[in-house]
Ligand code: SF4
Ligand code: SF4
């Protein structure tokens, strides 16, 4: 399995920007792709208003197991 890197292609596939939990703080910091090891948890206080990770193509492609990576940290840390 290829490493889940913070590439423009992977960022373009990430659903976070359309997620109900993704807030103005995260948007302002241009955060995305929290599941990637180089990214990990958000610098913002993110509310648990739902998570779209399970529907995202990256989740399937890299066989990820959970979600809320913005709160808990990267897939390498929490899955
Ligand atoms: S990791 Fe999940 S909860 Fe966090 S912004 Fe992305 S889709 Fe939403
Ligand atoms: S699994 Fe979640 S954090 Fe990772 S790319 Fe998909 S929506 Fe973004």
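At a glance:
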{"quantity": "Within segment 66-79, tally of residues that are crowded, with 17+ Cβ neighbours inside 10 Å and either within 8 Å of ligand 2 (Cβ to nearest atom) or part of a loop (DSSP other than H, G, I, E, B) (or both)", "calculated": "7"}
{"quantity": "Segment 9-19, residues that are more than 9 Å from ligand 1 (Cβ to nearest atom) and either surrounded by 14 or more Cβ atoms within 10 Å (Cβ to Cβ) or part of a loop (DSSP other than H, G, I, E, B) (or both)", "calculated": "10, 11, 13"}
{"quantity": "Given (1) without any contact (Cβ under 8 Å) to a residue 40 or more places away in the chain; (2) near ligand 1 (Cβ under 9 Å from one of its atoms), number of the condition residue 29 does not satisfy", "calculated": "(2)"}
{"quantity": "Flag for residue 2 being within 16 Å of residue 76 (Cβ to Cβ), outside any helix (DSSP H, G or I) and at pLDDT below 95", "calculated": "yes"}
{"quantity": "Of the criteria (1) free of Cβ contacts under 8 Å to residues at least 24 places away in the same chain; (2) near ligand 1 (Cβ under 7 Å from one of its atoms), which one residue 69 fails", "calculated": "(1)"}
{"quantity": "Out of 40, 50, sole residue that is more than 10 Å from ligand 1 (Cβ to nearest atom) and on the phi > 0 side of the Ramachandran plot", "calculated": "40"}
{"quantity": "Qualifying positions in segment 20-65 - within 9 Å of ligand 2 (Cβ to nearest atom) and assigned to a loop (DSSP other than H, G, I, E, B)", "calculated": "32, 33, 34, 35, 36, 39, 51, 52, 56, 62, 64"}
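The values are calculated or read from the model by the stated rules, or taken from the named source; none is laboratory data. Quantities reported herein were computed from a predicted structural model and do not represent experimental measurements. Methodologically, a virtual Cβ is constructed for each residue, glycine included, from the backbone with ideal geometry; neighbour enumeration extends over all protein chains shown.
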